[in-house]
Structure formats: C-alpha cells, structure tokens
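First the structure, in the form of structure tokens, and then the observations on it.
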Amino acid sequence: MLDRLTPRVLFSRDRMPGDVPVSVVYDAKAGDFEFRRGPVFTNILLADEINRTPPKTQSALLEAMEERQVTVDGETHPLPHPFLVAATQNPVEYEGTYTLPEAQLDRFLMHVKIGFPDASVERKILAQARGEALNGETKPEQLVSQQAIFAARQEILGLYMADAVEEYLVQLVMASRTPAKFDPELAEWIAYGASPRGSIALDRCSRAHAWLAGRDFVSPEDIQAVLFDVLRHRIILSFEAEAAGIDQDRVVQRILDVVAVA
C-alpha cells in the first residue's frame, strides 16, 4: 500500500501558487509561522481540471514533476517516492481555462484520450454506483506495495531492446523534430517536435507495454502501441496545419507511415 492516500486537487481559478506545495499558517500561541505540507507531498497527485487555474499556479508543479522536490524560502523538501502527477482536462468546454505551457506538457509522460465508455462498460459503471449507494464506499480488491512497484520498475528497465529497435524508436522521435528529412508534408505540419523527454518517455512506455504483455524484450509493435499517447502533446503544429484542421494524431500517424520499421 502506498504511504498516503491520493489527494484530489481541484484547480479552480482562485487557487494560488503557494497552495499546491505548502501552506504557511500563523501560530498565535507560538508567535511564529508554521510550515504545513500541501497536497503535492504524496505518492499520487490527482490534479482535477488542471487547465482551470492560472499559469502561475500550474507552474507550481514544474519543479515537483521534474525534480521530485519543492523549494520553499530557499529550503528544498524532497517528495515521497514514488511520485506521480495525474491531471485531467475538460476537452468539451474551454471557457475560463488556460492553455498549459509546452514546458509543462512535456513533463507529462503521456497524454491519454479516454472518451466515453461503450455500452458494456457503462453497465458496469451503473452496477458499481448502485453498490456504493447501498453498501457505502467499496474497498479496493488488491493493494499494491511500494516494494512491488520498485521491483516492477527494475524488471521493466531490464527488458532487452535490440539496437535496431532502439534505432527505430529514435527515428520516430527525429521525424517529429526534423520532419523535412523524412517527408515534405510533415515539414509543413510540424512547427516543433518532441524533446529528449519524448525519447525517454517512449523508451519507458514501450518497455512497460512489453512487460505487461509478459515478454522480456521490446518489439516495434510495443513502440507503435504507445506512440500516440507519448507524442501527441509534444508536437506543436504549424499555422498551416491548424488552418487545415490537421491534429496531432494525424501527424503521428504520418510519422508511423514514413519511418521504416526495424
């Protein structure tokens, strides 16, 4: 079981930057200010509708997501290990929202589009909701220990990746970064491609995909399976692409088409 419960941070428009890492409260008895750890001091931080809050508050997560620490008044405080930020955005209604800066988007490992559930999943949701209404909150069926998570990480990082497969991974990222070398149409669509964080994320996610499939090696199919989720938020479209209604998923599909498989 993880050290702490997952806090849900609602990023409303009045959320201040200092509310995320810490809160400083004046103690009248002691006559001094008391440092209280904010919701960022946890293993899993769920930031609900992160684009509802102003950019200054969004930037309060930059150091935490990259360095796994927060700095307050010149003092650095390490975050619990492991640490993960999971954020949601409302893709339907954008009034009163702020676009996340590219530097923050790049710190997210994946951008997953969930969408609406199908009919069978919808019925499971209804059954679960009825059970909670009758019996109170349901307990998780299985708890995962930190030791199990760390052990799984070591196994995933130890999976075999052939040189040719690694070269295929790198070329997919390079096609987003230097598209003119791969395809003239890509060069018209992409303004900026994936950073080195994209390569690292693609390597980690493809290894995790292979591990979940029960294999001890990474195949090109593993890379292809996670490519859209890893790259779609790291590709900045050109003005011509946006004017033509081309989205990031179409660009990623084009990258898959033009880069030769290992």
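Remarks
- Helices (runs of 4 or more DSSP H) lying entirely in the stretch 180-262 (those with 3 or more residues that are buried (at least 17 other Cβ atoms within 10 Å of the Cβ) and β-branched (Val, Ile, Thr)): 220-231, 248-258
- Within the stretch 171-187, not a single residue is modelled with pLDDT under 95 and touching an Asp or Glu at 6+ places or on another chain (Cβ under 6 Å).
- Close contacts from the stretch 52-63, counting a first residue that is in contact (Cβ under 8 Å) with a residue 24 or more places away in the chain and hydroxyl-bearing (Ser, Thr, Tyr) and a second that is assigned to a helix (DSSP H, G or I) and surrounded by fewer than 22 Cβ atoms within 10 Å (Cβ to Cβ), with Cβ to Cβ under 6 Å and a gap of 6+ residues or different chains, come to THR57/PRO17.
- Test: residue in the stretch 196-213 that is over 19 Å from the mean Cα position of the chain (by Cα) and either assigned by TED's automatic domain parsing to the domain that holds HIS81 or closer than 22 Å to ILE114 by Cβ (or both): yes
- Qualifying residue in the stretch 43-64 (condition: more than 30 Å from GLY115 (Cβ to Cβ), of a type in the set (Lys, Arg) and at pLDDT below 85): yes
- Test: residue in the stretch 142-153 that is among the aliphatic types (A, V, I, L, M), modelled with pLDDT under 95 and under 24 Å from ARG234 (Cβ atoms): no
The values are calculated or read from the model by the stated rules, or taken from the named source; none is laboratory data. Source: prediction; values computed, not measured. Quick reminder, even Gly has a Cβ in these numbers, built from the backbone with ideal geometry, and neighbours come from all protein chains shown.
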